[in-house]
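Undergrad: After the structure tokens below, expect a handful of questions from me.
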Amino acid sequence: MLENRIASRVRQLGLGSYEAYLKKVMASTSELRLLIDSVTTNFTSFFRDSQQFEHLQKELEARLEPRPKRIRIWSAACSSGEEPYSLAMTAAMAQRESGVTVSPIRILATDISDSVLHKASSGCYSAEKVASIPSRFRDFFEPLPGEELARFQAKQMLREPLIFRRINLCDSTWDIPDGIDFVFIRNVLLYFDRDTQQAILRRCVQKMKPGGLLYVGACENVRSLVVGVDPVMPSVFRKHAVTDMRSVPHSVHGESCVITDGRPAHPGSRTGGSRMAATGTGATSH
């Protein structure tokens, strides 16, 4: 699949070889961005793995206080936005049902792909997509007037707490704040090799508050890679009050950041399957 996507772009540009295309990518930031968009996987849906959102709502209701206290949520690799809007709806419902609305909830939504971030920031989705949302949340969307095909947009109050930002999980630094209460990094780790998964998870935990919660994809077997947390339910981990991270690699470097073909990487394995060194590339799927 990866080779087919790149070959299609090579033909479109009229280049005679992959080597010629590599030179173009290395010389052009815009072409690199197009390559990223063409090879990333962006399958996602609203409230995917719904039990995690039910768990999040209970945790939010327990943390909301009748005094200003900011709560931060990070949707890493947010794709076209269904996950962060699901988080925003869950947060709004927690405030509504608890009766506590003074605590501001901010949601940072990041991805490596500029095109999906642009789509996500608009908050616009097809009628079919919105119909998949549980009925109690659908009043957070309103129909767009004058559209040939029925489309809906998230209401302003749902879009307001969201901040969209481009971040490559393989970069050596992340432009995100510390003290995050909830991190959702789901269905993206399986695209990386085991060492890179471990390094990314370590940095996620570093960014979290003590007692913060880490949510990973249901199909991602990463329990042995996460240091300083305890499992609280399948694919959900709580950060310790004090965390010793010294035994985990301290950075993610481009030369060691490896993306696999989507099959779960085996511990310690660096052979087999089609892989692409992530010198600025990534994969998203929620």
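Undergrad: Relative contact order of region 81-174: what whole-number percent is it, with Cα pairs under 8 angstrom and at least 6 residues apart?
TA: Details: 106 pairs, mean separation 36.2, N = 94.
Rounded, it is 39 percent for region 81-174.
Undergrad: Which trypsin sites (Lys or Arg not before Pro) does region 157-213 hold that lie in a coil by DSSP with at most 10 other beta carbons within 10 Å? If you can, show how the numbers build up before the last one.
TA: Numbers: sites: R159, R165, R166, R186, R194, R202, R203, K207; in loops: R186.
Here no trypsin sites (Lys or Arg not before Pro) fit, given the DSSP loop and packing criteria.
Undergrad: Relative contact order for region 1-119: what percent, with Cα pairs under 8 Å and sequence separation of 6 or more?
TA: Values: 136 pairs, mean separation 33.1, N = 119.
About 28 percent, as a whole number.
Undergrad: So if each residue of separation counts as 0.36 nm, and I subtract the Cα-Cα distance between A20 and S8, what length gain in nm does that give? Could you put the intermediate results ahead of the total?
TA: Working: separation 12, 0.36 × 12 = 4.32 nm, distance 1.39 nm.
Residue separation times 0.36 nm, minus the Cα-Cα distance, leaves 2.9 nm.
Undergrad: Using the structure shown, list the pairs from K58/K119; K23/K209; K119/K207; K24/K155; K24/K239 with a Cα-Cα distance above 32 Å, or answer none.
TA: Working: K58/K119 30 Å; K23/K209 43 Å; K119/K207 27 Å; K24/K155 41 Å; K24/K239 44 Å.
Long pairs (Cα-Cα over 32 Å): K23/K209; K24/K155; K24/K239.
Undergrad: Another one. I'd like the accessible area for I167: 1.4 Å probe, protein heavy atoms, all chains in place, Å² to the nearest 10.
TA: The value for I167 is about 10 Å².
Undergrad: Hey, another quick one. Take F237, F164 and sort them by solvent-accessible surface of the protein heavy atoms, 1.4 Å probe, largest at the top.
TA: Working: F237 10, F164 55 Å².
Result, largest first: F164, F237.
Undergrad: Of the listed peptides 92-104, 134-146, what is their order by residue-averaged count of other C-beta atoms within 10 Å, with the highest listed first?
TA: Values: 92-104: 15.1, 134-146: 12.5.
Going from most to least packed, we get 92-104, 134-146.
Undergrad: Please list H118, H240, H55 in order of solvent-accessible area, largest first, computed with a 1.4 Å probe with all protein chains present.
TA: On the way: H118 140, H240 60, H55 35 Å².
In descending accessible area the options line up as H118, H240, H55.
Undergrad: Same structure again: Keeping every protein chain in place, order D111, D49 by accessible area at 1.4 Å, biggest value first, i.e. largest first. Write down the numbers at each step before the final one.
TA: Details: D111 0, D49 40 Å².
So the residues, ranked largest to smallest area, are D49, D111.
The values are calculated or read from the model by the stated rules, or taken from the named source; none is laboratory data. Here the structure is a predicted model, which is why all the values come from computation and not from measurement. Because the Cβ atoms are built from the backbone with ideal geometry, glycine has one as well, and the counts that use them run over all protein chains shown. Just the protein is used for accessible areas: all its heavy atoms, side chains included, with ligands, DNA and RNA removed. Shrake-Rupley method; radii C 1.70, N 1.55, O 1.52, S 1.80 Å.
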